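The next block holds one structure in the form of structure tokens; read it before the comments.
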Protein chains: 2
Amino acid sequence: MADGRKWVTMGDVAARAGVGKITVSRALRTPSKVSPATLRKVQAAVDELGYVLDETAGALSSQRSRVVGALVSTLEEPVFAATIRGLTEGLGAGGLQLMLATTQYDPETEASLISTMLGRRPEALVLTSDRHTPAAHALLERAGIPVLELWGLPNPPVHAAVGFFNREAGAAITRHMIETGRRRVAFLGLNREHDTRAQLRRQGYVDLCGQLAEERIVAVTPRPGVAGPDLGAQGLGVILQRWPDTEAVVCVSDMLASGALCEAWRRGLDVPGQLAISGFGDFDMASPAALALTTVHIDGLAIGRRAAELILAGELPKGLRENLGFTVVRRATS
Amino acid sequence: MADGRKWVTMGDVAARAGVGKITVSRALRTPSKVSPATLRKVQAAVDELGYVLDETAGALSSQRSRVVGALVSTLEEPVFAATIRGLTEGLGAGGLQLMLATTQYDPETEASLISTMLGRRPEALVLTSDRHTPAAHALLERAGIPVLELWGLPNPPVHAAVGFFNREAGAAITRHMIETGRRRVAFLGLNREHDTRAQLRRQGYVDLCGQLAEERIVAVTPRPGVAGPDLGAQGLGVILQRWPDTEAVVCVSDMLASGALCEAWRRGLDVPGQLAISGFGDFDMASPAALALTTVHIDGLAIGRRAAELILAGELPKGLRENLGFTVVRRATS
DNA sequence: CGACTTCATGGTACCGATACCACCGGGTAT
DNA sequence: ATACCCGGTGGTATCGGTACCATGAAGTCG
């Protein structure tokens, strides 16, 4: 505080309530171990003094920080928002707090953040990327805490993973285009060096290229951090210029697909008659009420919840890979 | 760690490097106070052992947590994403880490999170809401740390605020509709009880109703947490049913506006000839490359950066309200 | 009725870092 | 030469809780 006042301590509360500080600790952490009368006294003292338990001290002495670290690639695109909510809610129920940071899809940033996170001695770490620097890898190994990689199923995972197969998903949405009669199918990807998930989805497309007229891949380069709809519009332009007879565009993300879709409209193309477009992620704007975008639905909330469950259960088996799958959702653009 | 291993401590590093632990502390925190030779020895030991400084212990003994708490209303709508990035980057440069949590627009949740946050003894607190429970208010007052409210300019703020006048913004976008010749202007709002910002924007609309044919307000009710485009579509339906001759719809958020816009297209309405639509926030999808939505642009990044600056400067003057303004952006929907 | 258990509570050591002060050696000022 | 300063280093106390063990009172059982 500005004027030299200090935080109230447990000792102050104990004195006020006329009990030992250990009793205050118990009253706040395990109320069942304290008699109702004492509990009332302590509660009163806590309220009067506006005391808030100091977790930094608690963490030190109990060697349990009650914190779980989470490193997500981005918050700007709300891909991971539902997952974060699932994690927060799940962990909160178990008395754990989520500490969040963003890596901007950069392994160096991730490495430095892992180190920062470990400084808070978290009880587990959650990552939404699967490409780590060797240094980061070493830190994770040595930390000896559960590490969960989400939204993908790397083989092998650093420790354990909850997600789905991006390659399968990329193949599935491409197959959907083929099954609905398209043969000249293009893929609109992203030059984001370390986004291995996106690369796997592209690989899924490539896997099916044998059934296509031709391999048609265009990748746009995002400005640091954000891959917005403008890139989708731009990418569609490139595709149509290079292959004017394209019948379908599989986009690596909903954001790109939205941009491409709007651009197609602007050009007066008939979607889906003339050109089909698909996205990935099933974000809000893809809903039938908005763009009605054909896309791959990922249950981000479930991923977050399951991750929280696994962390709370303790004893996370090394090498575990839990596949929560995905769903191809056909809407108005295919 | 699973097999009983413990975290490496500063003592281990000191022993390894053949120095006292205080020297290790200095080598890591203030390298300039240690001789180059010693520094190298310590660095080597740190690397060999994979040591990461324990901030929980550091926080306790130095009484400085190097953490700033941030409570945002939502992550699902990426409104605050840029602000968070600005905060993270700005604070990071000053050696502070952001601890993030979401309130879901609920003051009770906020109150409980404030308490949780204070448990980590943050050096400052950032809030994106300005409606707090009395208990939360008392906690904030007593905490004696800087408290910054963002995205609004409450009068008086709990401590200080960085943002803009939502009421002015609501009035400005309504005025834009009037200036472009519309008189039968409706407002599409949100029944989100504690979202005072949204209510102020609506108030801005009401302020100008004298110049309008009629006050036309419809509010839709979000499912917990998320106000998606489906609500916008639904809301437009209600408006057009009640007042079929409506010429413009001012929406309280981009998300609603997007839904309304898509619904208008589906109904075959000419936008903006027959019906103008505006949003609020200028999110990605509002860009010219995507929906080209007329909206109010808020520089969330600047808000975050400025907040970080103020926190790092220390000595945050009580009652400060910094107005970073907004911009009405006319695009293709008005 | 005595031994044993359970419950509520307190004392003391300790978690892993940093603050504070002390110390040492060598250079500079007087 | 003595006094003083200063960069580099270490010892010890301390931050605010919790673990662990001990204590005393009340209840249980044969």
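Some points to look at:
- Among the helices (runs of 4 or more DSSP H) confined to region A:193-299, the ones with at least 3 residues that are farther than 24 Å from A:Arg167 by Cα and modelled with pLDDT of 95 or more are located at A:229-242, A:254-266.
- Members of region B:26-39 found to be buried (at least 17 other Cβ atoms within 10 Å of the Cβ) and more than 9 Å from DNA strand D (Cβ to nearest atom), listed by number: B:Leu28
- In region A:250-307, the residues that are surrounded by 23 or more Cβ atoms within 10 Å (Cβ to Cβ), within 9 Å of chain B (Cβ to nearest Cβ) and hydrophobic (A, V, I, L, M, F, W, C): A:Met255, A:Leu261, A:Cys262, A:Met285, A:Ala290, A:Leu291
- Residue selected from region B:40-63 under the condition within 14 Å of DNA strand D (Cβ to nearest atom) and part of a loop (DSSP other than H, G, I, E, B), by the criterion nearest to the chain's Cα centre (by Cα): B:Gln63
- Subset of region B:64-80 that is in a helix (DSSP H, G or I) and at the interface with another protein chain (Cβ under 9 Å from one of its Cβ atoms) - its residue that is farthest from A:Lys6 (Cα to Cα): B:Pro78
- Checking B:Leu148, B:Leu208, B:Leu190 one by one, the residue that is closer than 24 Å to B:Gly319 by Cβ and either under 22 Å from the mean Cα position of the chain (by Cα) or more than 14 Å from chain A (Cβ to nearest Cβ) (or both) is B:Leu148 and no other.
- Pairs where the first residue, in region A:310-334, is aromatic (Phe, Trp, Tyr) and the second is not in a loop (DSSP other than H, G, I, E, B), C-beta under 7 Å, 6+ apart: A:Phe326/A:Ala169; A:Phe326/A:Val296; A:Phe326/A:His297
- The residues of region B:81-108 that are part of a helix (DSSP H, G or I), touching a Ser or Thr at 6+ places or on another chain (Cβ under 8 Å) and within 22 Å of B:Arg29 (Cβ to Cβ) amount to a single one, B:Thr88.
- Within region B:64-77, considering residues that are closer than 26 Å to A:Ser73 by Cβ and more than 9 Å from the chain's Cα centre (by Cα), the one farthest from DNA strand D (Cβ to nearest atom): B:Glu77
- Meets criteria (within 11 Å of DNA strand C (Cβ to nearest atom), away from every other protein chain (no Cβ under 14 Å) and over 21 Å from A:Arg142 (Cα atoms)) for B:Thr30: yes
- Considered as a group, the residues in region A:110-132 that are within 10 Å of another protein chain (Cβ to nearest Cβ) and closer than 22 Å to A:His194 by Cβ include one that is surrounded by the fewest Cβ atoms within 10 Å (Cβ to Cβ), and that residue is A:Ser115.
The values are calculated or read from the model by the stated rules, or taken from the named source; none is laboratory data. Remember, predicted model here, so these are calculated numbers, not experimental data. In this analysis, Cβ positions are derived from the backbone assuming ideal geometry, glycine residues included, and neighbour counts consider all displayed protein chains.
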